[in-house]
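Below is one structure, written out as structure tokens; comments come after it.
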Amino acid sequence: MPPVAFTPVAAICMLPVAINSGKVWPKSGKLIPNKTITISILPPVKPGMEAVEFTSFIEKEIYNELGLIN
């Protein structure tokens, strides 16, 4: 997984988003027509987390949500 671009001193809430477009348009594959892509906007994350803690938290939240929408 590529590194997350994150400024640990951000003074704003982050709004995580989970999207299951990989089920419809895989990295190495053909676009599957007539399928629905679901976008979930998750609860805001308040500022103050260190970069490693933030990344771990966001990954867990997004993957949990993807498990629900896939």
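Projected onto the charge dipole of the chain (+1 at Lys/Arg Cβ, -1 at Asp/Glu Cβ, origin at the Cα centre), which of ILE19, ASN34, PRO47 gives the Cα projection farthest towards the positive end?
ASN34
Hey, can you find the accessible area per residue of the chain for me, probe 1.4 Å, expressed in square angstrom? Let's see the in-between values first.
Working: 5560 Å² over 70 residues.
About 79 Å² of surface per residue is accessible.
Quick one: how many lysine pairs in the chain have C-alpha atoms under 27 angstrom apart, if they're 8 or more apart or on different chains? Please list the in-between numbers first.
On the way: LYS23/LYS35; LYS23/LYS60; LYS27/LYS35; LYS27/LYS60; LYS35/LYS60; LYS46/LYS60.
The number of close lysine pairs in the chain is 6.
With +1 assigned to the C-beta of every Lys and Arg and -1 to the C-beta of every Asp and Glu, and no other charges, what is the dipole magnitude of the chain about the Cα centre in debye, to the nearest 20? Mind showing how you got there, number by number?
Working: 6 positive and 5 negative charges, 88 e Å.
Roughly 420 debye for the chain.
Which value in nm describes the separation of the simple spin-label points at ALA11 and LEU31, placed 7 Å from the Cα toward the beta carbon?
4.3 nm
Exposed loop sites here are trypsin sites (Lys or Arg not before Pro) in DSSP loop states with at most 10 other C-beta atoms within 10 Å. What is the longest stretch of the chain lacking them? Present the calculation step by step, with values, prior to reporting the outcome.
Details: sites that count: LYS27, LYS30.
Answer from the scan: 31-70.
Just to check I understand the Karplus step: with θ = phi - 60° and J = 6.51 cos²θ - 1.76 cosθ + 1.60, what whole-Hz values come out for segment 43-50, glycine and proline as x?
Each residue of segment 43-50 in turn: x, x, 10, 6, x, x, 7, 6 Hz.
Per DSSP H run of at least 4 residues, take -39500 (n - 2.57); add these up for the chain, divide by its residues and hand me the 222 nm value, nearest 500 deg cm²/dmol.
Values: 1 runs with 19 residues, N = 70.
Here the helix-only value at 222 nm equals -9500 deg cm²/dmol.
Assuming 0.36 nm per residue, please report the length gained on full extension of the stretch GLU50 to THR38 beyond their Cα-Cα distance.
Details: separation 12, 0.36 × 12 = 4.32 nm, distance 2.94 nm.
Full-extension gain reported as 1.4 nm.
Expressed as an acute angle from 0 to 90° and rounded to the nearest 10, what is the orientation of the C-alpha long axis of helix 51-69 relative to the principal long axis of the chain?
Taking the Cα atoms of the chain, the angle to 51-69 is about 30 degrees.
Can you work out ³J(HN,Hα) from phi for every residue in segment 15-29, in order, using Karplus 6.51 cos²θ - 1.76 cosθ + 1.60 and θ = phi - 60°, giving whole Hz and x for Gly and Pro?
With the stated coefficients, segment 15-29 comes to 10, x, 10, 10, 9, 9, 5, x, 6, 9, 9, x, 3, 10, x Hz.
Can you figure out the FRET efficiency of PHE57 with LYS23, using R₀ = 22 Å and their beta-carbon distance, to the nearest 0.05?
Values: r = 24 Å, r/R0 = 1.09.
Taking R0 as 22 Å, the efficiency between PHE57 and LYS23 is 0.35.
Return the single residue from ILE39, ILE12, ILE58 with maximal mean-square fluctuation; model: Gaussian network over the chain, springs between Cα atoms under 10 Å.
Largest GNM mean-square fluctuation: ILE12.
The values are calculated or read from the model by the stated rules, or taken from the named source; none is laboratory data. All of these numbers come straight from a predicted model, not from anything done at the bench. Quick reminder, even Gly has a Cβ in these numbers, built from the backbone with ideal geometry, and neighbours come from all protein chains shown. Side chains included, ligands, DNA and RNA excluded: accessible areas come from the protein's heavy atoms. Shrake-Rupley method; radii C 1.70, N 1.55, O 1.52, S 1.80 Å.
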